[in-house]
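Down below is the structure, laid out as structure tokens.
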Amino acid sequence: MESLVAKLKIAPNTSRIKSSRIEFEFMYACKYLNASIFEPFIEEDDCFDQQDKWRFLASLKENFDNAKKRGAQQTVIKKGRCELCSIGALTYEFWAHRSTPEFAYVIRWENDQLKDIYACNASSGWSTSNSRIKRYY
């Protein structure tokens, strides 16, 4: 069972300092829409969003490419809350020039260690924007 958990998440022996560095570099990569910034800071056996390193980086790049197609050159980070699968969990929303976030992620910590980074498709930024729009129509 432990080997399965280790395969799905970041290595369990990751230090607080290394975990913090991974989180920082992830946020920096998202801000500048550049997955190659994040790649050197994760190990081959680290898994995020139930994906191996390379699949996770590919999905991250896809989010960045979609944001760039919509005209984003970089993003601003705002905190939100998950409103669906991890209700109430802190999310990091990445905003550009639109009235909704370009994408959002949950960064899950447990016992001072980074455990997972996964996409949130129901962060509060989307519902807040939708409620503002509905008020005017």
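Below is a table of values for the structure above.
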read-out: Neighbours by Cβ (under 6 Å, 6+ apart or cross-chain): first from the stretch 14-29, surrounded by 14 or more Cβ atoms within 10 Å (Cβ to Cβ); second assigned to a loop (DSSP other than H, G, I, E, B); value: none
read-out: Single residue of the stretch 102-119 satisfying the filter (modelled with pLDDT under 95 and in contact with a helix residue (DSSP H, G or I) (Cβ under 6 Å, 6 or more places away or on another chain)) that is nearest to A67 (Cα to Cα); value: L114
read-out: Per-region count, the stretch 100-118, residues of a type outside the set (A, V, I, L, M, F, W, C), in contact with a Phe, Trp or Tyr (Cβ under 9 Å, 6 or more places away or on another chain) and under 19 Å from G88 (Cβ atoms); value: 6
read-out: Members of the stretch 75-88 that are among the aliphatic types (A, V, I, L, M) and modelled with pLDDT of 95 or more; value: V76, I77
read-out: The stretch 89-113 - residue that is in contact with a strand residue (DSSP E or B) (Cβ under 6 Å, 6 or more places away or on another chain) and not in a strand (DSSP E or B) and, of those, surrounded by the most Cβ atoms within 10 Å (Cβ to Cβ); value: P101
read-out: From A35, A72, A122, A58, residue being over 25 Å from I17 (Cβ atoms), modelled with pLDDT of 95 or more and surrounded by 14 or more Cβ atoms within 10 Å (Cβ to Cβ); value: A72
read-out: Some residue of the stretch 33-50 being of a type outside the set (S, T, Y), closer than 17 Å to N121 by Cβ and more than 11 Å from the chain's Cα centre (by Cα); value: yes
read-out: Any hit, the stretch 114-134, residues being part of a strand (DSSP E or B) and of a type in the set (S, T, Y); value: yes
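The values are calculated or read from the model by the stated rules, or taken from the named source; none is laboratory data. Quick caveat, the model's predicted, so the values are computed rather than measured. Counting neighbours? That spans all protein chains shown, and the Cβs are built from the backbone with ideal geometry, glycine included.
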